[in-house]
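Have a look at the structure below, then the notes.
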Amino acid sequence: MTIPGSWYLVVAALLFGLGAFGVLTRRNVIVMFMSLELMLNAVNLTFVSYARMLNDVGGQVDVFFVLVVAAAEVVVGLGIIVAIFRQRATVTADDISSLKG
Amino acid sequence: MSAVGFVVLFPLLGFLILLAIGKRLGDPKAGWIGTGAVLASFVSAIVVWLSRLGNEGHPYVLRLFDWFSAGGFHANVSLRVDGLSVAMILFVTGVATLIHLYSIGYMKGDSRYHQFFVYLNLFVFSMTVLVTANTLPLAFLGWEGVGACSYWLISFWFERPTAASAGKKAFIVNRIGDTGFLLGTFLVFQHLGSVSFSRITAGSLNLSPDTATAIVLLFFLAAAGKSAQLPLFTWLLDAMEGPTPVSALIHAATMVTAGVYLMARLSPILALAHTADLVIAIIGVATAFVAAMAATAQTDIKKIVAYSTVSQLGYMMLGIGTGAYTAAIFLMITHAFYKALIFLGSGSVIHSLDGEQNIRKMGALRKFMPITTVTMILAWLSIAGVPPFSGFFSKGAVLENAFGDSPFLWAAGVITALLTAYYMGRLVYVVFYGTPRFEEVTHGHDPHESPSVMTIPLVVLAAAAVLGGLLNLPVGGFGFLGSWLAPVFGTAQAAYPMSTGLKDALMGTDAVVALLGVFLSWRAWRGASENPALERKVFLNGWYIDAFYDRVFARTGTAVAELADTVVDQRVVDGAVTGVAGVARLVGGAGRKVQSGLVRSYLLIMVGGLIVMLGYVLTVAAR
């Protein structure tokens, strides 16, 4: 028995929604970061599913790009978080509001 | 005849040299350089005069270069040599040389010594340009140049607030007149198609009387400003704040006569405008009388002489208005001699009394300053018109023509002549005779005669003031100036046929009136220093004309300015500016609430926006 492609897409959508919910609701910046990764990988899953369904390898190529960019993003993002933590001893998103108008 | 170029060039050269290295030359070398430049100019003027002898009838024009052109309008830099301009450069550079020499002594020890001569040389340059210019624009350049130098020199001691504001006043009042000069130039170009004096002389007959009247009145406005006629004469009194040599050179002998010169230069047009001529004559004689009355009550020695200058300029305008151009120029030249002498004599007195100008604090100076006293008395007899001094002939010529035009003008002129002899007599008696009253000024030490660089010009000018009448004796064959200027004025010159008996009677009246004035001043002021009955407050304050201007124009102007400050500026302009700022602040205040600083709320808005856009793309745009 083969699993139909739409199931993968549904899983991807669930993962994306879960990630978005996490980013919006969690206060810890590191958890927000993890949720963000979840969203990115949900998109990756969609790419791969469509690549398989449409027989087009382009989707899989895109995933590589996303992975590379995500890795770079993690480096920069974690660097920023470490820098903030050193200065303010907190990684709670709501406390980091010095740019408040 | 091209030596006329050097007349203009030498003062310019002196100006440039003094500007470049005047400070290093210092006191007194800078003064000698300045004097030398003007002396060279005077010598060139003599050369021009000698080369003119024999062909007086043909004006010579030295074309230097084109200044600017636009369409049919051409303004050349060209110098005109004819009887009038030669007479002008001779006396201008001659008197200027003497006054430069005098200034070497008078300005000794001043902290801006060299600068004084910079301005003086620039002034002589501008004045020679003005009187030799062959086009109206070039004459205007000289006209403005002398005005600017006058401003700088009046406020030469600008540390004194009165001197600074006197300079400004002279400048502003003269601007009113300059408007007339420019508008007159435009009108001349419109109707004659040219602004050169040669063409104006040739084409003036094509002008309609109305146009001629308009042109003359506009130029007379300019002349009234520069030559201190009613109602624009008040600046000349304040101009006495300048150093005394400046008063002698600019505000007595040369610059203030520029208006008279301009009118004489435009005589072909004046001859066509009889209404305007009458206006000029009436304003001239009114100025002469008003200023002479004011002079009778002044206590500041320079103010007396300044009012006297205004009065004499009024006589010159009377001559212009009655068509007696030769007489006006004759009076201008003799006046330059004796008025420069009176100013320099006053300067000599002021110099020896450490700057005191109040005649009540002088007295008995004849014992200490013999040369100054004698030369001042000679100047007094000249200006009073006592025969055979120069003023008798020059003023007599003006009055004779005034009688030919209208006996009323003549009568006003004769009364003014009586006043002239009287107020100058008052000056001489109060300053040089009577009891010494200068102790508190000099603190015990006696006044001293001025150094020889100052007394030599006095003696030379005294000789000129006494003998100046020889220039134009009213005897056949001796009217040198008259025959010299005849080709310039030609038919514009009014001719009043008179019997010899009438002429003699008029001259006799002049002589009697002059001697009567001298006698009256002797009766009233011998031994007296004050006489309230003869020194009315209204005349001391110059008929309150200046106070009237202050109240009507200056205070109205101040009130308008204050209104502009409190209402227009503070309410309207400031209101607009702060209003714009207030709107920006309001918008910003609303906008800053969006910037909460909470990352998660930003994200929520972002996601919300994304959903809306996505919804739009999927539902509306997909269709």
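The values are calculated or read from the model by the stated rules, or taken from the named source; none is laboratory data. These numbers were taken from a predicted model, which means no experiment stands behind them. Neighbour counts run over all protein chains shown; Cβ positions are idealised from the backbone, glycine included. The area values use the complete protein model at the heavy-atom level, side chains included, leaving out ligands, DNA and RNA. Shrake-Rupley method; radii C 1.70, N 1.55, O 1.52, S 1.80 Å.
Of the set (1) over 23 Å from the mean Cα position of the chain (by Cα); (2) in contact (Cβ under 8 Å) with a residue 12 or more places away in the chain, all apply to B:Gly34 but (1).
Residue pairs whose Cβ atoms lie under 9 Å apart, sitting 6 or more positions apart in sequence or on different chains, and linking a residue in region B:582-593 that is at pLDDT below 90 to a partner that is open to solvent by 60 Å² or more (accessible area, probe 1.4 Å), are B:Arg592/A:Lys100. Suppose the filter is within 23 Å of the chain's Cα centre (by Cα), part of a helix (DSSP H, G or I) and buried (at least 20 other Cβ atoms within 10 Å of the Cβ); does B:Leu218 pass it? When the stated conditions are applied, B:Leu218 passes them.
Let's see how each residue does on (1) open to solvent by 30 Å² or more (accessible area, probe 1.4 Å); (2) more than 29 Å from B:Phe330 (Cα to Cα); (3) touching a Cys at 6+ places or on another chain (Cβ under 8 Å); (4) touching a residue at least 24 places away in the same chain (Cβ under 8 Å):
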| site | (1), (2), (3), (4) |
| --- | --- |
| B:Pro436 | yes, yes, no, yes |
| B:Glu439 | yes, yes, no, no |
| B:His445 | yes, yes, no, no |
| B:Glu449 | yes, yes, no, yes |
| B:Thr455 | no, no, no, yes |
| B:Ala464 | no, no, no, yes |
| B:Pro487 | yes, no, no, yes |
| B:Gln493 | yes, no, no, yes |
| B:Tyr496 | yes, no, no, yes |
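Among the conditions (1) at pLDDT 90 or above; (2) open to solvent by 80 Å² or more (accessible area, probe 1.4 Å), A:Ala70 misses just one, which is (2). The single condition from (1) touching a helix residue (DSSP H, G or I) at 6+ places or on another chain (Cβ under 8 Å); (2) away from chain B (no Cβ under 14 Å); (3) part of a helix (DSSP H, G or I) that A:Asp56 fails is (3). Tallying residues that are among the polar types (S, T, N, Q), closer than 21 Å to B:Leu418 by Cα and touching a helix residue (DSSP H, G or I) at 6+ places or on another chain (Cβ under 6 Å) within region B:477-530 yields 2.
Per the listing B:Met332, B:Met317, B:Met293, the residue uniquely open to solvent by 10 Å² or more (accessible area, probe 1.4 Å), in contact (Cβ under 8 Å) with a residue 60 or more places away in the chain, within 22 Å of B:Ala412 (Cα to Cα) and in a helix (DSSP H, G or I) is B:Met293.
Selection of region B:596-615 for residues being open to solvent by 90 Å² or more (accessible area, probe 1.4 Å) and within 7 Å of chain A (Cβ to nearest Cβ) yields only B:Leu604. Here B:Thr93 clears all of (1) touching a residue at least 60 places away in the same chain (Cβ under 8 Å); (2) open to solvent by less than 10 Å² (accessible area, probe 1.4 Å); (3) touching a Gly at 6+ places or on another chain (Cβ under 8 Å) except the condition numbered (3). Candidates B:Arg523, B:Arg571, B:Arg551, B:Arg585: the one that is part of a helix (DSSP H, G or I), within 14 Å of chain A (Cβ to nearest Cβ) and open to solvent by 70 Å² or more (accessible area, probe 1.4 Å) is B:Arg585.
Would it be correct to say that A:Val43 is in a helix (DSSP H, G or I), within 14 Å of another protein chain (Cβ to nearest Cβ) and not small (Gly, Ala, Ser)? Yes; evaluated as a whole, the condition is true for this residue.
Hey, can you tell me all the residues within region A:84-101 that are outside any helix (DSSP H, G or I) and either over 13 Å from B:Gly597 (Cα atoms) or away from every other protein chain (no Cβ under 13 Å) (or both)? A:Ala89, A:Thr90, A:Val91 - these are the residues of region A:84-101 that are outside any helix (DSSP H, G or I) and either over 13 Å from B:Gly597 (Cα atoms) or away from every other protein chain (no Cβ under 13 Å) (or both). Scanning region B:184-197 for residues that are assigned to a helix (DSSP H, G or I) and open to solvent by less than 80 Å² (accessible area, probe 1.4 Å) returns B:Gly184, B:Thr185, B:Leu187, B:Val188, B:Phe189, B:Leu192, B:Phe197. How many residues does region B:198-215 hold that are open to solvent by 40 Å² or more (accessible area, probe 1.4 Å) and among the polar types (S, T, N, Q)? Adding up the residues that qualify gives 4. Of all residues in region A:2-13, none are within 16 Å of B:Leu598 (Cα to Cα) and within 14 Å of chain B (Cβ to nearest Cβ). Of the numbered criteria (1) small (Gly, Ala, Ser); (2) in contact with a Lys or Arg (Cβ under 6 Å, 6 or more places away or on another chain); (3) away from chain B (no Cβ under 12 Å), the one A:Ala51 fails is (2).
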